Amino acid sequence: MADNSSDVLPGREARAHLDHFATAEQQRNTAMAGMWIFLVTEIMMFGGLFMAYAVYRLGHPQAFASASRDMNIVLGAVNTAILITSSFTMALAAQAAEEGLLRPAKWLLAATILIGIVFLGIKFVEYYQHYRDHKAPGFGFQTNLPDPGGIQMFYIFYFAMTGLHAVHMIVGIGLLAALLIMTELGRFSREYHSPVVITGLYWGFVDIVWVFLFAIFYLPGLHLHG
Amino acid sequence: MIAAPEITERNYLTGKEGVLSWLLTTDHKRIGLLYVASITAFFFIGGLFALLMRLELLTPPSDLVSPETYNKLFSMHGIIMVWFFLIPSIPATLGNFVVPMMIGARDLAFPKLNLASWYLFNLGGIVTLYAILRGGVDTGWTFYTPLSTTYSTTYVIAAAAGIFISGFSSILTGLNFIATIHGMRCPGLTWFRLPLFIWGMYASSLIFVIATPVLAITLLMVAVERIFQVGIFDPALGGDPLLFQHMFWFYSHPAVYIMVLPAMAVVSELVSTFSRRPVFGYKAVAFSSLGIALVGFLVWGHHMFVSGQSIYSALAFSLLSYLVAIPSAIKVFNWTATFYKGSISWDTPMLYAIGFIGLFTIGGITGLFLAALGLDVHVTDTYFVVAHFHYIMVGGAVMAYLGGIHYWWPKISGRMYPEGLAKLAALTVFLGFNLTFFPQFILGYLGMPRRYAAYPPEFQVLHVLSTAGASILGVGYVLPLCYLIWAWRYAPKAPPNPWRATGLEWKTPSPPSVHNFDETPVVNYGAYDYEALKGELGLG
């Protein structure tokens with residue numbers, strides 16, 4: 001094996017990049033490009049739902065506003081603040097990894113995971129409340145508000161879009177857990193840390209999606225709160 | 001370097017042995033071959049459905065199969081051929097095999113993702129085959145709502161799930177190509193020195209990553225509506241069926257260009273190599289690929305002229321659809337201009353390339369007929385449309401795929417193919433194709449609607465012609481399958497560059513070594529620069 005034959009200075013430099021790349025820099029740049037392209041596909045995927053939401057909101061403006069009034073704005077706002085905080089810890093983790101500060105990076109990754117779980121917990125409480133109030137389409141949906149079709153459409157998109165977002169959160173938490181283990185195993189260094197940075201991009205994207213979701217589901221009925 | 005000499009002498013086929021070494025390979029060349037195996041299987045399954053349909057249409061009444069079965073046959077023919085053959089055909093096989101070599105790289109940027117894409121593709125295929133074996137789908141390949149979400153009693157969810165899964169294999173392939181073409185070109189290989197094949201792959205990859213996620217989310221919404229019986233698209237439940245059509249065609253029209261841009265990419269290589277001239281107007285042809293990709297996103301509404309969309313939308317979509325003709329014509333004219341004063345040789349790949357140019361032109365021009373609002377209303381949902389898109393997809397994409405397979409066969413297998421037999425097959429395909437689909441233009445213009453198992457007796461002559469043509473076409477497809485399997489073992493060995501072509505892939509041995517190049521190549525000449533490579537290619 002090549003690893004054993006070169007016993008003098010096996011060298012991180014020699015194995016700092018995969019075989020099919022010419023340099024570590026090329027590998028890093030290509031990996032970054034890959035994640036950016038992936039995020040484009042994510043924008044198109046969520047974009048389809050945003051577009052359909054827009055179509056039905058234009059068709060049922062009153063129903064969307066009054067359905068949105070029943071959202072728990074406090075939990076929504078708290079969750080938004082929580083998620084933005086997790087972006088902050090994630091960004092710090094990526095920064096720390098880039099500078100080779102692996103101990104802080106580890107703690108920051110752990111904090112990001114924890115905050116992500118809290119977000120999902122609060123989301124679950126909200127889902128349970130909707131279910132209990134017969135607001136889950138397909139599960140005995142009922143409403144006394146005018147234009148029940150429009151109200152139900154609001155909840156269909158609410159569950160579809162926040163649900164897809166939650167799936168992305170779960171995937172993200174899984175990725176962060178993998179990073180945590182890799183950090184623990186000493187896989188990262190000042191030279192090699194792009195998985196942390198790339199996962200940071202993904203996490204940031206998922207956060208930004210939530211900011212839009214908060215705006216389109218919790219805020220349209222705000223003026224009706226009186 | 002560290003690599004021992006005996007490793008460089010072994011090629012990618014013999015480098016590692018055993019079934020596992022193939023199933024776990026991350027070598028782009030082997031993954032390309034895995035894809036060849038998968039899509040060939042799907043091609044013949046989809047072809048079987050077509051065969052049954054043509055047999056049913058031999059006689060006016062629906063006597064061979066019931067109308068319900070016929071509905072399933074055309075649905076499954078469409079689903080298999082579009083998503084499990086045409087979409088992956090050239091990019092996932094030839095693209096996978098050739099792209100890294102053409103840009104002087106050792107592999108694609110993300111080899112593991114590449115392998116994952118093959119597994120996702122097969123998983124999606126198996127789920128779809130499950131739907132077929134359980135009794136099939138009868139919604140047409142377009143899954144129009146509310147038929148698909150409310151009224152159909154067939155296996156819609158399973159079929160949609162299969163397409164959903166395989167969609168991610170498309171996304172991964174596109175993502176891989178874009179990252180590779182941006183980041184892994186060898187020194188000196190600037191954008192305008194790239195072979196036009198790379199430009200075509202790049203343009204179709206853009207469509208892969210931008211359009212496919214929209215299909216994914218649309219199918220997901222169909223599944224949600226069908227499972228929970230909540231209205232998203234069904235008007236009886238408060239949904240909007242036109243929204244489904246908009247979202248579906250936002251993907252599915254660009255998907256046509258996923259099929260034909262790679263075909264054009266192959267043809268650019270073939271035309272240059274077998275005319276021994278640089279492609280005329282290189283930059284125009286390169287940008288026309290991007291042009292088609294861009295304009296392709298703006299024309300989906302022409303599938304909905306009679307759906308009840310606003311007449312003003314229809315006018316805009318009609319005009320925009322005409323624009324597609326500009327970059328398409330740029331390609332056709334520049335290919336034919338490339339022949340001028342060229343040193344033309346009539347090897348099999350060239351026959352396919354010339355066949356492509358003719359058939360694509362017919363398909364493209366009838367596409368303009370359909371972009372015209374007034375005429376489209378007359379021939380909507382008739383065999384005219386069927387003939388038109390088969391001229392693009394079968395006459396175009398499949399011809400180019402076969403041309404490309406023959407062209408790169410010496411590189412792929414390390415052996416030649418039987419030239420005489422191959423020419424015969426190319427001719428058979430061309431004749432069989434035209435006999436199958438040209439009568440359908442006439443049928444459609446006379447008013448024969450698509451998707452019917454029975455028809456009035458006066459259409460029988462044309463239908464019999466079409467079925468006869470389909471039988472010939474079938475022979476034309478089975479022939480290459482047989483002689484290429486034979487050639488894999490027994491044909492004479494191929495030299496590294498049998499066509500004296502200019503692409504970097506021809507600088508590797510046939511078949512290539514595991515890492516393609518022992519030394520990273522350096523490029524200081526443009527694409528198709530036969531003058532600069534005169535000595536190397538042994539040209540006079």
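Would a scan of region B:245-264 turn up a residue that is within 11 Å of another protein chain (Cβ to nearest Cβ), touching a helix residue (DSSP H, G or I) at 6+ places or on another chain (Cβ under 8 Å), buried (at least 22 other Cβ atoms within 10 Å of the Cβ) and polar (S, T, N, Q)?
No, region B:245-264 contains no residue that is within 11 Å of another protein chain (Cβ to nearest Cβ), touching a helix residue (DSSP H, G or I) at 6+ places or on another chain (Cβ under 8 Å), buried (at least 22 other Cβ atoms within 10 Å of the Cβ) and polar (S, T, N, Q).
Please enumerate the residues belonging to region B:122-151 that are crowded, with 18+ Cβ neighbours inside 10 Å and aliphatic (A, V, I, L, M).
B:Val127, B:Leu129, B:Ala131, B:Ile132, B:Val137
Taking the condition at pLDDT 95 or above, surrounded by fewer than 17 Cβ atoms within 10 Å (Cβ to Cβ) and of a type in the set (D, E, K, R), does B:Glu531 pass? Please lay out each step first, then the result.
Values: at pLDDT 95 or above: no; surrounded by fewer than 17 Cβ atoms within 10 Å (Cβ to Cβ): yes; of a type in the set (D, E, K, R): yes.
Judged against the criteria, B:Glu531 is not a match.
In contact (Cβ under 8 Å) with a residue 24 or more places away in the chain, at the interface with another protein chain (Cβ under 8 Å from one of its Cβ atoms) and either closer than 24 Å to B:Thr273 by Cα or buried (at least 22 other Cβ atoms within 10 Å of the Cβ) (or both), is that true of B:Thr212? Walk me through it before giving the result.
Values: in contact (Cβ under 8 Å) with a residue 24 or more places away in the chain: yes; at the interface with another protein chain (Cβ under 8 Å from one of its Cβ atoms): yes; either closer than 24 Å to B:Thr273 by Cα or buried (at least 22 other Cβ atoms within 10 Å of the Cβ) (or both): yes.
The answer is yes for B:Thr212.
So that you can scan it fast, the table gives a plain yes or no per residue for (1) in a loop (DSSP other than H, G, I, E, B); (2) charged (D, E, K, R):
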{"residue": "B:Asp138", "(1), (2)": "yes, yes"}
{"residue": "B:Thr145", "(1), (2)": "yes, no"}
{"residue": "B:Ser148", "(1), (2)": "no, no"}
{"residue": "B:Phe177", "(1), (2)": "no, no"}
{"residue": "B:Pro187", "(1), (2)": "yes, no"}
{"residue": "B:Leu206", "(1), (2)": "no, no"}
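Report, by residue number, each residue of region B:276-328 that is not in a helix (DSSP H, G or I) and not β-branched (Val, Ile, Thr). Steps first, please.
Just the residues of region B:276-328 that are not in a helix (DSSP H, G or I), to begin with: B:276-281, B:299, B:304-310, B:324.
Those that are not in a helix (DSSP H, G or I) and not β-branched (Val, Ile, Thr): B:Arg276, B:Arg277, B:Pro278, B:Phe280, B:Gly281, B:Met304, B:Phe305, B:Ser307, B:Gly308, B:Gln309, B:Ser310.
Could you tell me whether region A:134-154 includes any residue that is away from chain B (no Cβ under 13 Å), part of a helix (DSSP H, G or I), on the phi < 0 side of the Ramachandran plot and among the polar types (S, T, N, Q)?
Looking for residues that are away from chain B (no Cβ under 13 Å), part of a helix (DSSP H, G or I), on the phi < 0 side of the Ramachandran plot and among the polar types (S, T, N, Q), one finds none in region A:134-154, hence no.
Assuming B:Ala454 fulfils every condition listed in (1) surrounded by fewer than 19 Cβ atoms within 10 Å (Cβ to Cβ); (2) within 25 Å of B:Phe360 (Cβ to Cβ); (3) of a type in the set (A, V, I, L, M, F, W, C) apart from one, which condition is it?
So the condition that B:Ala454 fails would be (2).
Do any helices (runs of 4 or more DSSP H) lying entirely in region B:17-115 carry at least 3 residues that are in contact with an Asp or Glu (Cβ under 6 Å, 6 or more places away or on another chain) and more than 30 Å from B:His463 (Cα to Cα), and which ones are they?
Values: elements: B:19-23, B:28-56, B:67-81, B:87-90, B:96-102.
Hits in region B:17-115: B:96-102.
Hey, B:Thr190 hits all of (1) over 26 Å from B:Lys507 (Cα atoms); (2) more than 13 Å from chain A (Cβ to nearest Cβ) but one; which does it fall short on?
Of (1) over 26 Å from B:Lys507 (Cα atoms); (2) more than 13 Å from chain A (Cβ to nearest Cβ), only one is false for B:Thr190: (1).
Quick check: anything in region A:34-53 under 27 Å from A:Gly221 (Cα atoms), more than 14 Å from chain B (Cβ to nearest Cβ) and without any contact (Cβ under 8 Å) to a residue 24 or more places away in the chain?
No, region A:34-53 contains no residue that is under 27 Å from A:Gly221 (Cα atoms), more than 14 Å from chain B (Cβ to nearest Cβ) and without any contact (Cβ under 8 Å) to a residue 24 or more places away in the chain.
Any residue that is closer than 28 Å to B:Leu370 by Cβ and not hydroxyl-bearing (Ser, Thr, Tyr) - is there at least one of those in region B:478-493? Step through it out loud before you land on a result.
Here is the first cut: in region B:478-493, the residues closer than 28 Å to B:Leu370 by Cβ are none.
Scanning region B:478-493 turns up no residue that is closer than 28 Å to B:Leu370 by Cβ and not hydroxyl-bearing (Ser, Thr, Tyr).
For region B:400-422: of the residues being in a helix (DSSP H, G or I) and of a type in the set (Ser, Thr, Tyr), which is farthest from the chain's Cα centre (by Cα)?
In the first step, residues of region B:400-422 are kept if they are in a helix (DSSP H, G or I); the result is B:400-413, B:419-422.
Restricting the remaining residues to those that are of a type in the set (Ser, Thr, Tyr) gives B:401, B:407, B:413.
Working: B:Tyr401: 7, B:Tyr407: 16, B:Ser413: 22 Å.
Only one residue tops the list, namely B:Ser413.
Look at A:Leu164 and say whether it is at pLDDT 95 or above and in contact with a helix residue (DSSP H, G or I) (Cβ under 6 Å, 6 or more places away or on another chain). Don't jump to the end; show me each part of the working.
Values: at pLDDT 95 or above: yes; in contact with a helix residue (DSSP H, G or I) (Cβ under 6 Å, 6 or more places away or on another chain): no.
Considered against the rule, which asks whether it is at pLDDT 95 or above and in contact with a helix residue (DSSP H, G or I) (Cβ under 6 Å, 6 or more places away or on another chain), A:Leu164 comes out as no.
Would you point out which residue out of B:Arg489, B:Arg500 is of a type in the set (Lys, Arg), outside any helix (DSSP H, G or I) and farther than 21 Å from B:Ile362 by Cα? Show your work before the answer.
Values: B:Arg489 fails: outside any helix (DSSP H, G or I).
After applying the criteria, what remains is B:Arg500.
For residues that are crowded, with 16+ Cβ neighbours inside 10 Å and of a type in the set (A, V, I, L, M, F, W, C), scanning just region A:56-72, find the one that is farthest from the other protein chains (Cβ to nearest Cβ).
Step by step, filter region A:56-72, then rank; the result is A:Met71.
Going by what's in this entry, would B:Ser510 be described as polar (S, T, N, Q) and within 30 Å of B:Leu52 (Cα to Cα)? Don't jump to the end; show me each part of the working.
Values: polar (S, T, N, Q): yes; within 30 Å of B:Leu52 (Cα to Cα): no.
For B:Ser510, the condition - polar (S, T, N, Q) and within 30 Å of B:Leu52 (Cα to Cα) - is not met.
Which numbered condition trips up B:Thr154, out of (1) polar (S, T, N, Q); (2) assigned to a helix (DSSP H, G or I); (3) more than 9 Å from every other protein chain (Cβ to nearest Cβ)?
(2)
The values are calculated or read from the model by the stated rules, or taken from the named source; none is laboratory data. This structure is a prediction, so every number in the text was calculated from the model and none was measured. Positions of Cβ are generated from backbone atoms using ideal geometry, with glycine treated the same way; all protein chains shown enter the neighbour counts.
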